[in-house]
Amino acid sequence: MDAGGGPLLPDSVLYEIFLYLDHVDVLSVGLVCQQWHAVARDEFLWKELFYRYYRVSREVPRHPAAVSWYDEFQRLYDTIPCVEVQALKEHNDQVLHLSFSHSGCLFASCSKDCTVKIWSNELDISLQHSSNMRPYNWSYTQFSQFNSDDSLLLVSGVFVGPHNSSSGEIAVISMENFTLLSRVRNKPYDVFGCWLNETNLISGNLHRIGRITSCSVLWLNNAFQGIESENVNVVKRLFKIQNLNASTIRTVMVADCSRDSEEEEAKPKQTPEPAVQELPDEGGVTAEDGLQQFFDDIMEGRVRPAMTETELETKVAELFVRSRTKPPELNLLSTDSNSKTKYLIFTTGCLTYSPHQIGIKRILPHQMTTAGPVLGEERRSDEFFDSLDHVIDIHGHIIGMGLSPDHRYLYVNSRAWPRDCVISDPMQPPPIAEEIDLHVFDLKTMKEVKRALRAHRAYTPNEECFFIFLDVSRDFVASGAEDRHGYIWDRHYNICLAKLQHDNVVNSVAFSPVEQELLLTASDDTTIKVWRSPRAVRIQQARKPRPRKLLFSWLMNQKS
């Protein structure tokens, strides 16, 4: 203990740290370690150590919540979940996803073995239940999410339909007795699905309009469909959105912007303008007139150069949808801190089939229930599609998204396209980088707020690219990677703090929502690894009863 009552770092740790200082030799290091009680609160010394040991730019200030440089150094050194304490091997195929309950008492895992397993999160984690989804014609489970009161579990998987066609399906499981309550179709399967509130979940469907043009419909579903369907509406259409150039909506999630923010804003609040993709103004020409004029120009040979079939389909679809789209919400971000604003966030695109944009759509209070008009009956007949309220362009293939605990920040894994690439064929997207960029966007301003985090890598090409799930805690962000490691970064300093080794691709990571010094990683090597911080491991070991030294006492008695 130091003079202030807090635990101090061991001499061996200080010895290792001081070797990073160029002007300190081994002799002086030993001298310092012998007298470290005297310098434990030397702020200048710990500041110097911090910037050099962690290689942080000196332009980055100390974390605003930190009391001292010593405490901050100790936080990064001692509270990172980087010590493997358990390996769970109950799955017999690739483990694809992990999710914690909000209480942190349970977590779920999904796997290519087509099971979803529920685990009890105690000092020694144990399997509580396993549900096999093969009887429902599933190929594998891929994603899960607990509802807000942890009474229901949403499980998303790949469903094998007629003629071996692959689609998706969502199942709802009761946490009270692990019974299956309902099943909902989900297309494409990588929409995954998510909870909107305690009893309603969002699924997707896809309707082909042309070869590269389609329509994504997002549905709100009641979790208790089998019980309530005879008396009340259990399904309601949320949004219908046009897709161009072979793009589709995928990876839906809900951001609850009514949550308390982790930090106070220093700048006055601003309401950003909606970045909606619109065609340029044609001087007052209506969409119908514009479409007719375009056809006349084609027939009379006035369209030069000649358009390909793909370009022609896209142009016609753009003109057709212009007057059949509901305008965006102008006040996208409410300045009322008590507002129950929720945003639907998803990956999408406009140039090619690989997801390269993030779409954001505000969910209004009357849309948060399946009660009321069904199948969009409240819409005017000429408002056929919904527009996006905001679009964030990533300029690369998006392979993962996650929200901060307060839902203020959106973290995005992406693999960048070449800087000046031109996409001429939507079915041939640009090559993607092996290095993964982890972007951070502020959902209050819709702006990227920090430089992209880097360290992790992926190797599969566009057509084989799969999701790498990430997770965010109060202080850290973690992600899987294809290089057989999980990674942990500090959110404030933007530095990589730990690499967590597996024997194959790491698909998913998950922090305990109540204890960020506990992290889970899931891998293609069929294992789930449990990681705790050095501090948590010391505390856990101190709680274990020590065996009585009976043999030593017996030997001493024999000598006497």
Inset, instruction - Give me the number: length gained by fully extending E43 to K499, i.e. 0.36 nm times residue separation minus the C-alpha to C-alpha distance, one decimal in nm. - result: 161.3 nm
Inset, instruction - Please give the FRET efficiency for L180 paired with Q540, using the beta carbon to beta carbon distance and R0 = 30 Å, rounded to the nearest 0.05. - result: 0.25
Inset, instruction - For region 421-495, give the percent of accessible area contributed by carbon and sulfur heavy atoms, probe 1.4 Å, rounded to a whole number. - result: 46 percent
Inset, instruction - State the extension gain, in nm to one decimal, for the chain segment bounded by E122 and E463, taking 0.36 nm per residue of separation less the distance between their alpha-carbons. - result: 118.7 nm
Inset, instruction - Give me the accessible area of S258, 1.4 Å probe, in Å² rounded to the nearest 10. - result: 40 Å²
Legend entry - Simple label model, 7 Å out from Cα along Cβ direction - S139 to E434, nm: 2.8 nm
Inset, instruction - DSSP loop (so not H, G, I, E, B), at most 13 other Cβ within 10 Å: list which chymotrypsin sites (Phe, Trp or Tyr not before Pro) in region 458-526 pass both filters. - result: Y459
Inset, instruction - Report the calculated FRET efficiency for H207 and H366 (r = Cβ-Cβ distance, R0 = 30 Å), to the nearest 0.05. - result: 0.75
Legend entry - Accessible surface, 1.4 Å probe, highest first, among residues Y53, Y411, Y189: Y189, Y53, Y411
Legend entry - Rounded accessible area per residue of region 73-166, 1.4 Å, Å²: 39 Å²
Legend entry - Separation of the D78 and R259 label points, Cα + 7 Å toward Cβ, nm: 2.8 nm
Inset, instruction - Using label points projected 7 Å from each Cα along Cα→Cβ, tell me how many nm separate M427 and K89, to one decimal. - result: 4.6 nm
Inset, instruction - Determine the alpha carbon to alpha carbon distance for each of K187/K447; K112/K499; K89/K499; K447/K499; K361/K447; K112/K447 and list only those over 27 Å. - result: K187/K447; K447/K499; K112/K447
Inset, instruction - With all protein chains present, calculate the accessible area of H397 using a 1.4 Å probe and round the result to the nearest 10 Å². - result: 10 Å²
Legend entry - Estimated FRET transfer efficiency (K447, R55; beta-carbon r; R0 35 Å; 0.05): 0.85
Inset, instruction - Run the accessible area of region 49-109 with a 1.4 Å probe and give the carbon-and-sulfur part as a rounded percent. - result: 49 percent
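The values are calculated or read from the model by the stated rules, or taken from the named source; none is laboratory data. Quantities reported herein were computed from a predicted structural model and do not represent experimental measurements. Here the Cβ is made from the backbone with ideal geometry for all residues, glycine too, and neighbour counts use every protein chain on show. For accessibility, only protein heavy atoms count, side chains too; no ligands or nucleic acids. Shrake-Rupley method; radii C 1.70, N 1.55, O 1.52, S 1.80 Å.
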